[in-house]
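Encoded as structure tokens, the structure appears first; notes follow it.
The values are calculated or read from the model by the stated rules, or taken from the named source; none is laboratory data. Model, not experiment: these values are computed from the prediction. Heads up: the accessible areas ignore ligands, DNA and RNA and are worked out on the full protein's heavy atoms, side chains in. Shrake-Rupley method; radii C 1.70, N 1.55, O 1.52, S 1.80 Å.
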Amino acid sequence: GTDANAASCLTGDCDGRLACNGSVGAPPATLVEVSLHADQSKGSSYDVSVVDGYNLPVAVWTRPANRSGDCFIAGCAKNVNAVCPPELQVTASGGAGKKATVVACRSACLAFGLDAFCCRGAYGTAETCRSSVYSRLFRDACPAYYSYAYDVAAATARCYAQEYVVTFCPSRWGDPVAQI
């Protein structure tokens, strides 16, 4: 959903700039979150989040410093944009006589702004914030991604990594290694 002439995107836009230069793109956007530690004995951790919505599948793979094995977070098992409910869809015009294209899927928080979906206010703790039909849709499509703020089922990879490989739009859904 990017307009090259206007330098703006329907999803992940960086205030009209082509390069974000360290800022976070506007949701909905799939996020790769990495925590690096100065003390290498603590390793690093990373996750993929669709808490603020989804725009494309991402697979993350690292080669640990000790080379004892690989750590990875798989891409999605399904194309979220293809199964995104109409109330969450972000679409780009298909042009004259063409159907609009779904370019992203908003989170329920972004779409409706309700505390229960945003895990804030009375729902701002792990005990009160629960998954919803919408977060379960994300979980079903992308089982290794965080689907809502207190999602404990998501995998956070912890590795002693020296190399990170981030693959946008892996060629086969759910197969991160196919691109590495």
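Multiplying the residue separation of Asp15 and Ala77 by 0.36 nm and subtracting their alpha-carbon distance yields 19.2 nm. Ordered from largest to smallest accessible area (heavy atoms of protein chains, 1.4 Å probe), the residues Phe72, Phe168 come out as Phe168, Phe72. Rolling a 1.4 Å probe across all protein chains gives Ser107 an accessible area of roughly 10 Å².
For Leu88, the accessible area of its heavy atoms, probed at 1.4 Å with every protein chain present, is near 0 square angstrom.
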